[in-house]
1. Identify, please: which residue in segment 62-81 is open to solvent by 30 Å² or more (accessible area, probe 1.4 Å) and within 22 Å of the chain's Cα centre (by Cα) and is, among those, nearest to Val249 (Cα to Cα)?
2. If you check Gln180, Gln211, Gln225, which single one turns out to be surrounded by fewer than 20 Cβ atoms within 10 Å (Cβ to Cβ), among the polar types (S, T, N, Q) and modelled with pLDDT under 90?
3. Determine, yes or no, whether Lys536 is in a helix (DSSP H, G or I), open to solvent by 40 Å² or more (accessible area, probe 1.4 Å) and under 21 Å from Val461 (Cβ atoms).
4. Can you pull out every residue in segment 147-161 that is free of Cβ contacts under 8 Å to residues at least 60 places away in the same chain, assigned to a helix (DSSP H, G or I), open to solvent by 50 Å² or more (accessible area, probe 1.4 Å) and under 21 Å from Thr203 (Cα atoms)?
5. Report, by residue number, each residue of segment 235-263 that is in contact with a helix residue (DSSP H, G or I) (Cβ under 7 Å, 6 or more places away or on another chain) and either within 20 Å of Gly55 (Cβ to Cβ) or small (Gly, Ala, Ser) (or both).
6. Six or more apart or on different chains, Cβ atoms under 7 Å: show the pairs whose first residue is in segment 537-554 and closer than 20 Å to Ser278 by Cα and whose second is open to solvent by 20 Å² or more (accessible area, probe 1.4 Å) and assigned to a loop (DSSP other than H, G, I, E, B).
7. Can you give me the number of residues within segment 381-396 that are among the hydroxyl-bearing types (Ser, Thr, Tyr) and exposed (fewer than 14 other Cβ atoms within 10 Å of the Cβ)?
8. If you go through segment 246-265, how many residues are of a type in the set (S, T, N, Q) and buried (at least 19 other Cβ atoms within 10 Å of the Cβ)?
Amino acid sequence: MAISKPKHPPLARNDARRERTNDLVLDIAGLNIVSSRQPDAPPLLKGLTLRLKRGEVLGLIGESGAGKSTLGLAALGYQRTGCRYDKGVVRFDDLILQHNDEAMLSSLRGVRMAYVAQSAAAAFNPAHRLGAQITEGARCHATFSRQEAKRRMVSLFRRFDLPEPDRFGDRFPHQASGGQLQRAMIVMAMLCEPQLIVFDEPTTALDVTTQIEVLATIKKNIRAQGSTSALYITHDLAVVAQVADRIMVLKDGMLVEENETSSLLTKPQRPYTKELLSVYQVQRPRGRGTKKGAGVLLRGEGLDAGYGGGTRILEGVRFDVSEHEILGVVGESGCGKSTLARVVTGLLPSREGSLWLGGEELPRRLKRRSKEQLRRVQLVSQIPDSALNPRQKIREALGRPLSYFFPQRRPAEREHRLNELLSSCELDLKVADAFPAELSGGQKQRVCIARALAAEPDIIVCDEITSALDRLIAKGIVELMLDLQKKLGMAYIFISHDLGLVRAISDDIMVMQGGRVLSYGAGSEIEKSKDAYTQKLLRSVPQMRVGWLDEVLQKRG
C-alpha cells in the first residue's frame, strides 16, 4: 500500500512578481559564498550568475579550487561546513532556496533535485544491499510505494545496461565494479525523475573504458528523460564536451568564459581557457637517442603474483626497461598495474619469475634487498596524502632518504641537497618547514617526487601519479618528470589508465588485462595491434571535439 506523502508548509517564493520563464529550472544571480571561519579570506564564489534551462546540460570546468563543487552544491541549497551565503539569490524552479529551512530543502533533495558524487564506492554503505539504498529516497519521501520504486529501479537498470537487472539490486557494493556502482548511483539520482541533477566529477576516478560506459549512460538517459537538466562538474574538457550543451569556465570563484560547447572548444576567447585546452598537447621531445645503444636496465621475466593464497593477479608478465627509457603501462582498473609496481619495488614478493637490475637478480622480498638495490629503484605512489606522514614536516620526509642512503654526507651538505631537491621540483624553499596538510595536491605530489629523487635512483616507478590531480596540475607534474629525466637520465615505469598521456611520453607501451600482457611495443606498434582489447582502449581515449562519443557508440552498435 502506498504511503501518503508528508505535508510541508508552502515553500518560500519571490516576493516581487516577475515573469516566470517556464523552461528555466535554475537561476543563480550574483552569488557570493564566503568562509564563515576566515572573514578576511577571499570569497569562494564571486558574483556568479548561472541560468539553466529545462533539459539542458551545463558543464562547469576549471582546476581544483575554482569553485565548481561549491557552485554545484549551492544549486541544491547546500552550504559546506564553514561557508555561508553573502550575496546573491539561488532560485530553483522559481523557489528561493536561501529562504527555506533545512527540512524544506530536504523535501526537495532526492525527489526534485539529486546529486551524483565522484566516488560511488565511498558513497554507498557497504553493509546494505544496493537496491535498498537506491530506493531509500523514494520510500522516505513517499514518492512511490515500495513495489513501484523497485519496478522503476529495475527498469532503469535495464536502460543503463547493468547485469541481471532483476537481481542487481540484491548485490552489496563490493560485488559490483566501479563503473557499475557509478551507474547505480545515477539510477538512484534519476529514480524520482528530478528536475535537476548535479554530477560532481562522476568519471574522474574511472579508467577510460569504464568512463565511456558512464558517459554513454548519462548522455542517453538524461536526453531520454527530456525534462531533466544537469550540471556536469569536471576538470576534463574532453569529457564534458561529450555531454554538455554549454560550458562555463571558472577560476578562483569567478567566471572566466561561457559559450556553446563547440564554440568554446574551437574558438576560446580567454588565455585561461586556451591553457586548459593545451593540457591535451603534452608531448615528450623525440630524437634524443634514448634507446639507441642503451643497455637493459630492468628486466622482468615470467612474473606471477597475488595476495594471500587467492587468485593470481599477475600471470607470466615480461618486460624490459632500457636506460633513460619510459615504459608506459596501461589497462583498466584491476588489470594488475599497481601490483606490478609493488612487485618491482619489492613491496609484494612475486610467486614465480625473476627481476634483473643491471644484470643482477633482485631478491623478491624488500627486506632481502641491499641498500644499494633499494636506492636504485624508487616509487612515487598515486595518493600523496597516504604516502606522506601527516605529522612530519617536509624537511623530515626528504631528510630520511638523504641520511639513510648517504650517511657520509655532513649536515650542511644534506641541507644543500634538500634545497636542490625542492628547487628541482619547482617548490619554494619555505615548503621544507610545512606539514603536508598545508600544501596543495600538486605540491604534495612534487614532494613525493623529490623524495624519490633524494635516493638518486636509476629507475622510478610512477604509479598513477596524476590520476588524483586536475588536468592543469597533472600537466605540470608530467612536464616536471620529463624535464628531470632529461637532466638526470633516470628511467621510468609510468603506470596510468590514461592511454593518451602514455602514448605521448613513452618509448614502449605495455597493455595489460587480467594480469596478463596483451600488447607490447612502441606506440606505432600498439596502434597496429590486432588485440581487440588494445583497440578498445585506443578508441576509448576522449578526443577534444563534439560528437566523438556518438561516433564511438555508433561503431559499437
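The values are calculated or read from the model by the stated rules, or taken from the named source; none is laboratory data. Keep in mind the model is a prediction, meaning the values are calculated, not measured. Here the Cβ positions follow ideal geometry from the backbone for every residue, glycine too, while neighbour counts run over all protein chains shown. Calculation scope for accessible area: heavy atoms of the full protein, side chains included, ligands and nucleic acids excluded. Shrake-Rupley method; radii C 1.70, N 1.55, O 1.52, S 1.80 Å.
1. Glu63
2. Going through Gln180, Gln211, Gln225 in turn, just one is surrounded by fewer than 20 Cβ atoms within 10 Å (Cβ to Cβ), among the polar types (S, T, N, Q) and modelled with pLDDT under 90: Gln225.
3. Criteria not met by Lys536.
4. Result: Arg158, single match.
5. Matches in segment 235-263: Ala238, Ala241, Gln242, Val243, Ala244, Asp245, Arg246, Ile247.
6. Between residues of segment 537-554 that are closer than 20 Å to Ser278 by Cα and residues that are open to solvent by 20 Å² or more (accessible area, probe 1.4 Å) and assigned to a loop (DSSP other than H, G, I, E, B), the close pairs are Trp548/Pro542.
7. Summing the residues that are among the hydroxyl-bearing types (Ser, Thr, Tyr) and exposed (fewer than 14 other Cβ atoms within 10 Å of the Cβ) in segment 381-396 gives 1.
8. 1
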